[in-house]
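J.: Before anything else, here's the structure in question.
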Amino acid sequence: MTGVPGPDGPRGPLAVVPPRYGGGSLADVLPSALAVLGVPGAADLLGLTSRLAGVRRIAVLLVDGLGWYQIPTAAPYAPTLAGLAATVGRPLTSGFPSTTPTSLVSLGSGAAPGAHGVLGFTVRVPGTERVLNHIEWTGDPEPLRWQPVRTQFERARAAGVAVTVVSRPEYAGSGLTLAANRGGDYRGAAGVDALARTMLAALSAGAGPTLVSGYHPDLDRHGHLTGVDSAPWRVAAAEVDVLLTRLVNGLPPDAGLLVTADHGQLDVPAAHRFDLDTDLRLRAGVRVVAGEPRVRYLHVEPGAAPDVVAAWSEVLGAAARVETREEAVAAGRFGPVPEEHLRRIGDVVVTCHGTYAVLATRSEPPAVSRLVAYHGADTAAEMTIPLLVVRG
């Protein structure tokens, strides 16, 4: 297993990148937007006020899977995207893990993952053997208790800002939507045309300060299914470009557009896939497995954590960082974690380096193991995301 970059490995897309909470992360986008709109107490952590002086309406578009390192790959099919990245773009980081549920709630709440508690794609519900899939979350646990942080949409609305959230119709009322987006008027829009039309209509609807948040999932989906830079991924990148072009051209004169993402992606070759369900060394002492293939949360039998760390370290070698929960929290990967959220993180946290992944072929849906691209870990390719700032 040579050539796998560790924490001090080579620079580039496979280098390890820590989250930049408090001034360079996805969680800082909406607080900065609210500061532009004059919401009392909102902190402009990204320095947007000078760039958007006079703006009274802001649209925020999150493109799922559009990592900073994927933009050059998309450029031949997305010239508008490439041009914006070169002229009005800068890199941010996602939070950790670099996965959709965690990032959507970080964006909506303006908080690091430790604070809002949506700490992975799947997490164990403390005190049970149940593994909660945040994408399939339908209300148990109750969203306002599971994610207790007031959202930026609630703050904006309380300050008199008109707030609209635009996403797929089927996501309305889900646990994840309530955790991330409560406080906004929800409008369903399927496809690029509907999303652009609905976002622009909401942005222009009133005379007062306005915030519109939109979400587009297709680039991520095609990356997972067929790989980054596959033919379907290229088509999805071109559709993103159509969406951006329509939004930029349709901005009112007193409006701004912020474009960002939840994470990047990287392809994982077949030779770089471990399977915890077929290797007895990886199952020993492990009671519940959560997380996802690039970041595994291992909940272990009492007293078994040192043996599990040793076994996983031996099997995975340089392909992963294996650490205890306490070590991961102390390193600041999640931001501060209150006591009530600690047990959602595994007793042992396994973060893959390079292009490696740890599958669970028997205990997770078979479709997970058939994916081509993954994310979740802390390589630059996964963690580094764009912020594009456009004025009307």
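The values are calculated or read from the model by the stated rules, or taken from the named source; none is laboratory data. Every value quoted in this text rests on a predicted model; they were computed, and no experiment measured them. As a convention, Cβ positions derive from the backbone with ideal geometry for all residues, glycine included, and neighbour counts pool all protein chains shown.
J.: With the stretch 145-221 as the region, which helices (runs of 4 or more DSSP H) entirely inside it contain at least 2 residues that are among the hydrophobic types (A, V, I, L, M, F, W, C) and more than 21 Å from the chain's Cα centre (by Cα)?
T.: 152-158, 192-204
J.: Hey, another quick one. Of all residues in the stretch 189-227, which are over 22 Å from His263 (Cβ atoms) and among the polar types (S, T, N, Q)?
T.: Correct list: Thr198, Ser204, Thr210.
J.: Can you report the number of residues in the stretch 307-328 which are part of a helix (DSSP H, G or I), under 23 Å from the mean Cα position of the chain (by Cα) and in contact (Cβ under 8 Å) with a residue 60 or more places away in the chain?
T.: 1
J.: Take the stretch 40-79 and flag every residue that is among the hydrophobic types (A, V, I, L, M, F, W, C), over 26 Å from Arg157 (Cα atoms) and surrounded by 19 or more Cβ atoms within 10 Å (Cβ to Cβ).
T.: Leu66, Trp68, Ile71, Ala74, Ala78
J.: Being farther than 25 Å from Ala158 by Cβ and either over 17 Å from the mean Cα position of the chain (by Cα) or not basic (Lys, Arg) (or both) narrows it down to one of Ala33, Ala82, so name that one. Show your work before the answer.
T.: Values: Ala33 fails: farther than 25 Å from Ala158 by Cβ.
On inspection, the qualifying residue turns out to be Ala82.
J.: Something else about it: Under 25 Å from Gly227 (Cβ atoms) and either modelled with pLDDT of 95 or more or not assigned by TED's automatic domain parsing to the domain that holds Ser174 (or both), is that true of Ile71?
T.: Criteria met by Ile71.
J.: Residues that are of a type in the set (Gly, Ala, Ser), in contact (Cβ under 8 Å) with a residue 60 or more places away in the chain and in contact with a strand residue (DSSP E or B) (Cβ under 7 Å, 6 or more places away or on another chain): does the stretch 172-182 have at least one?
T.: Residues of the stretch 172-182 of a type in the set (Gly, Ala, Ser): 172-175, 179-180.
Filter once more, keeping what is in contact (Cβ under 8 Å) with a residue 60 or more places away in the chain: 179-180.
Restricting the remaining residues to those that are in contact with a strand residue (DSSP E or B) (Cβ under 7 Å, 6 or more places away or on another chain) gives none.
No.
J.: Next question, about the same structure. Return the residues of the stretch 148-160 that are in contact with a helix residue (DSSP H, G or I) (Cβ under 9 Å, 6 or more places away or on another chain), surrounded by fewer than 24 Cβ atoms within 10 Å (Cβ to Cβ) and touching a residue at least 40 places away in the same chain (Cβ under 8 Å); say none if nothing qualifies. Full working, then the answer.
T.: Our first condition is that a residue be in contact with a helix residue (DSSP H, G or I) (Cβ under 9 Å, 6 or more places away or on another chain); within the stretch 148-160, this holds for 148-153, 155-156, 159.
Filter again for surrounded by fewer than 24 Cβ atoms within 10 Å (Cβ to Cβ), leaving 148-150, 155, 159.
Correct list: Val149, Arg150, Arg155, Ala159.
J.: For the stretch 240-254, indicate whether the set of residues that are more than 19 Å from the chain's Cα centre (by Cα), assigned to a strand (DSSP E or B), assigned by TED's automatic domain parsing to the domain that holds Leu34 and under 22 Å from Val166 (Cβ atoms) is non-empty.
T.: Scanning the stretch 240-254 turns up no residue that is more than 19 Å from the chain's Cα centre (by Cα), assigned to a strand (DSSP E or B), assigned by TED's automatic domain parsing to the domain that holds Leu34 and under 22 Å from Val166 (Cβ atoms).
J.: Test Asp218 against the stated conditions and say whether it is more than 30 Å from Ile345 (Cα to Cα), in the same structural domain as Ser204 (by TED's automatic domain parsing) and surrounded by fewer than 24 Cβ atoms within 10 Å (Cβ to Cβ).
T.: Here the answer is no, as Asp218 does not meet what is asked.
J.: Is one or more of the residues making up the stretch 24-39 at pLDDT 95 or above, touching a Ser or Thr at 6+ places or on another chain (Cβ under 9 Å) and at positive phi?
T.: No, every residue in the stretch 24-39 fails to be at pLDDT 95 or above, touching a Ser or Thr at 6+ places or on another chain (Cβ under 9 Å) and at positive phi.
J.: Hey, another quick one. How many residues are in contact (Cβ under 8 Å) with a residue 40 or more places away in the chain, among the hydroxyl-bearing types (Ser, Thr, Tyr) and surrounded by fewer than 20 Cβ atoms within 10 Å (Cβ to Cβ) when one looks only at the stretch 194-215?
T.: The number of residues fulfilling the criteria is 1.
J.: For the stretch 106-120, give me each residue that is assigned to a helix (DSSP H, G or I) and in contact with a Gly (Cβ under 8 Å, 6 or more places away or on another chain).
T.: Ser106, Pro113, Gly114, Ala115
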